[in-house]
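Enquirer: Sharing a structure below in structure tokens format, with a few things to ask.
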Amino acid sequence: MIGKKVPQVTFRTRVRDDSIGGSNPFRWEDKTSKDYFNDKRVIVFSLPGAFTPTCSTYQLPDFERLYGEFSKAGIDQIYCISVNDAFVMNAWGKSQNIKNIGLIPDGSGEFTRKMGMLVCKDNLGFGMRSWRYAAIVNNGTIEAWYEEPGYSDNCESDPYGESSPQKLLEHLTGNKV
């Protein structure tokens, strides 16, 4: 994966627009891979699903908590991508009180499929989802890659550690977190 460009896709997002008014002031906005990855150094991490235990207890909150350290290490933005729609990703971000991490909805799984990380999780009732991974992406090119071991359909376990924010921060700073 190192040295490869991220796939070029269009993501259907929902963004707040106070001019709409009402209790749900959001509108559709298409964002592309270029919007997220070009002309900056970012981290993108993917996980099986919003609101799931490991993702909600460790991975997303720890990236949020360590955001300042990543900024000091030369990271411009951190994105979490999941095979979930924009409504789910926005609700999850709100429930987790996320202020710094951009949440990217990959509702159809197109980006995840083109990354080669789409797996079947029918054994959990999820359908097609992302395998857990993280990458440092510099101007659209993958600079570093962290993938959980055991990539497979209907995996009996949910490995977590290789794609943890602590692992990426250690790579960037040379210091154990």
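Enquirer: Residue under question is ASP17, and the condition is that it be in contact with a strand residue (DSSP E or B) (Cβ under 6 Å, 6 or more places away or on another chain) and without any contact (Cβ under 8 Å) to a residue 24 or more places away in the chain; does it hold?
Expert: yes
Enquirer: Something else now. Give just the number: which of (1) more than 29 Å from THR173 (Cβ to Cβ); (2) touching a helix residue (DSSP H, G or I) at 6+ places or on another chain (Cβ under 9 Å); (3) not in a loop (DSSP other than H, G, I, E, B) does ARG113 not satisfy?
Expert: (2)
Enquirer: Return the residues of the stretch 3-24 that are assigned to a strand (DSSP E or B) and loosely packed, with under 13 Cβ neighbours inside 10 Å; say none if nothing qualifies.
Expert: LYS5, VAL15, ARG16
Residues checked against (1) closer than 23 Å to PHE11 by Cβ; (2) surrounded by fewer than 19 Cβ atoms within 10 Å (Cβ to Cβ):
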| residue | (1), (2) |
| --- | --- |
| SER108 | yes, yes |
| MET115 | yes, no |
| GLY127 | yes, yes |
| ARG132 | yes, no |
| ALA135 | yes, no |
| TYR160 | no, yes |
| LYS167 | no, yes |
| GLU170 | no, yes |
| THR173 | no, yes |
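Enquirer: While we're looking at this one, here's another question. Filter the stretch 112-168 down to the residues that are of a type in the set (Asp, Glu) and either at pLDDT 95 or above or within 14 Å of the chain's Cα centre (by Cα) (or both) and list them by number.
Expert: Result: ASP122, GLU143, GLU147, GLU148, ASP153, GLU162.
Enquirer: Against the condition at pLDDT below 95 and among the acidic types (Asp, Glu), how does ASP30 come out, does it pass?
Expert: no
Enquirer: Further question: Filter the stretch 49-64 down to the residues that are surrounded by fewer than 21 Cβ atoms within 10 Å (Cβ to Cβ) and either free of Cβ contacts under 8 Å to residues at least 60 places away in the same chain or under 18 Å from SER130 (Cα atoms) (or both) and list them by number.
Expert: Within the stretch 49-64, GLY49, PHE51, THR52, PRO53, THR54, SER56, THR57, TYR58, PRO61, GLU64 meet the criteria.
Results for (1) among the small types (Gly, Ala, Ser); (2) closer than 28 Å to ARG27 by Cβ, shown as yes or no for each residue.
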{"site": "SER95", "(1), (2)": "yes, yes"}
{"site": "LEU124", "(1), (2)": "no, no"}
{"site": "ARG129", "(1), (2)": "no, yes"}
{"site": "PRO149", "(1), (2)": "no, no"}
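Enquirer: State which residue is farthest from ASN139 (Cα to Cα) when the search covers only the stretch 66-110 and only residues that are more than 15 Å from the chain's Cα centre (by Cα) and among the charged types (D, E, K, R).
Expert: Taking the candidates together, the pick is LYS94.
The values are calculated or read from the model by the stated rules, or taken from the named source; none is laboratory data. Quantities reported herein were computed from a predicted structural model and do not represent experimental measurements. Here Cβ is always computed from backbone atoms with ideal geometry, including for glycine, and neighbour counts include all displayed protein chains.
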